[in-house]
Amino acid sequence: VQLQAYGGGLVQAGGSLRLSCKASGRPSTYGMGWFRQAPGKEREFVAAISWSGAGIRYADSVKGRFTISRDNAENTVNLQMNSLKPEDTAAYYCAASRWMGDYAFHGIVNYNYWGQGTLVTVSS
C-alpha cells in the first residue's frame, strides 16, 4: 500500500483545511488514521476510521473540530479540519493498518504503512 497525503497549507486561526490521502493497493480493507508531528515533539494520534467506516475515533484535542471520512470506492480518506488553532500546526501523516478487526486504531504501533507528511501551518 502506498499513501499520498495532500491538502496542507497556511491558514489563519479559525480557518479550515481539508486533507486527503490517496491510497493504492487494497486500502478498502484497512483501518486508516491521521497523525501529526509538530517540531520538537513526538508524533501523536489525531483521528482514525475503521475499514467499514463504522468505527471512528478522535484525539480529545481535535474532537468537535475535525472530521474523518473515507471513500472506499475512491481509495481516499479525508480529514476536514475546522476552527483551526495555532497549536494544530504540524506535519500531518496518513497511515494504514492491516490489523484484524473493524476498529479505529489510535496507536502508532497499529499502523503498517505511512504516507509522507503534509504541512499544516496555522497563524495567530
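Odds and ends about this structure:
- Hey, GLU74 among the acidic types (Asp, Glu), without any contact (Cβ under 8 Å) to a residue 60 or more places away in the chain and in contact with a strand residue (DSSP E or B) (Cβ under 9 Å, 6 or more places away or on another chain) or not: yes
- Those strands (runs of 3 or more DSSP E) of the stretch 1-54 in which 3 or more residues are crowded, with 22+ Cβ neighbours inside 10 Å occupy 17-23, 31-37, 44-49.
- Here SER61 passes the criteria (1) open to solvent by 40 Å² or more (accessible area, probe 1.4 Å); (2) within 15 Å of GLY31 (Cβ to Cβ); (3) not in a strand (DSSP E or B) except the one numbered (2).
- Meets criteria (open to solvent by less than 80 Å² (accessible area, probe 1.4 Å), part of a loop (DSSP other than H, G, I, E, B) and in contact with a strand residue (DSSP E or B) (Cβ under 8 Å, 6 or more places away or on another chain)) for LEU79: no
- Candidate set: the stretch 64-76, residues that are under 18 Å from VAL1 (Cβ atoms) and among the β-branched types (Val, Ile, Thr); chosen: the one surrounded by the fewest Cβ atoms within 10 Å (Cβ to Cβ): THR76
- Residue within the stretch 1-17 that is over 13 Å from CYS94 (Cα atoms) and modelled with pLDDT under 95 present: no
- Cβ separations smaller than 8 Å between residues 6+ apart or across chains give the following pairs from the stretch 97-124 residues that are more than 17 Å from ILE68 (Cα to Cα) to residues that are of a type in the set (Asp, Glu) and open to solvent by 30 Å² or more (accessible area, probe 1.4 Å): VAL122/GLU87.
- Of residues in the stretch 84-116 being among the small types (Gly, Ala, Ser), assigned to a loop (DSSP other than H, G, I, E, B) and open to solvent by less than 30 Å² (accessible area, probe 1.4 Å), the one nearest to ARG43 (Cα to Cα): GLY107
The values are calculated or read from the model by the stated rules, or taken from the named source; none is laboratory data. All values derive from a computational prediction rather than experimental measurement. Neighbour counts run over all protein chains shown; Cβ positions are idealised from the backbone, glycine included. Ligands, DNA and RNA are stripped out before the accessible areas are found, and what is left, the full protein with its side chains, is counted by its heavy atoms. Shrake-Rupley method; radii C 1.70, N 1.55, O 1.52, S 1.80 Å.
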